[in-house]
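Worksheet: the structure to be examined is printed underneath.
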Amino acid sequence: TTEAQEVIDIMTRLKIHHMHEGGLPQATIAVACDVGLRSVERVLKEPPPTLDEVVEGRRRTGRKPGRPSKADETVRERVLLLLKDEPSIMATEVFRRARDWGYKGSRSAMSVLVKQVRPLPAKEPLVRFEGNSARFARFTVGKISETQAPFV
């Protein structure tokens, strides 16, 4: 049902609410917005989208889709401390150690957790040298005569 609700974009939801506030019947709104009558009824049961949601382009729901993580706060804290001590440790090694702590989740879930809590490495600034290569690397071809003094 969550997937079906996401099919109607945020602007259409806002349009449905505005047309309903204008006094149009639901059947007319359904035809104008090119959605089903039942979808109009469902959207009108929801609160109208806020300005922040419209700017963001999607509804903010209090829940995340999917199952809750098996990594509770204690496992999360231990992983965070482990990554602080050993920043370059691989996620599979974190998973192996977490199994010793009593973690019952999967390796992929642990990899996602490690990716979320691992501090990002500081990026080296990229210095680019832009310009015509021939302009900065000039070589003169010629011969040195005996009358010219060498540079001292």
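Values in this text are rule-based calculations from the coordinates and carry no lab data. All values reported here derive from a predicted model rather than from experimental measurement. FYI the Cβ positions are ideal-geometry reconstructions off the backbone, even for glycines, and counts take in every protein chain you see.
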- Message: Let me check I've understood the local charge: for residue 74, count other residues with C-beta under 15 angstrom from its C-beta, Lys and Arg +1, Asp and Glu -1. What total comes out?
- Response: +2
- Residues residue 90 and residue 122, FRET efficiency given R0 of 25 Å [Cβ-Cβ distance, rounded to 0.05]: 0.80
- FRET E, pair residue 9, residue 67, Förster distance 35 Å, beta-carbon r, rounded to 0.05: 0.85
- Item | Gain on full stretching of the segment that runs from residue 80 to residue 42 - 0.36 nm per residue minus C-alpha separation | 9.5 nm
- Message: When a/c reaches 1.5 or more, the comparison of a/b and b/c decides; with that in mind, is the range 2-56 rounded, prolate or oblate per its Cα gyration tensor?
- Response: oblate
- Task: Please state the charge dipole magnitude for the range 73-117, taken about the Cα centre, from unit charges on C-beta atoms (+1 on K and R, -1 on D and E), reported in debye and rounded to the nearest 20.
- Result: 180 debye
- Residues 43, 55, sorted so that the one with the fewest Cβ neighbours within 10 Å comes first: 55, 43
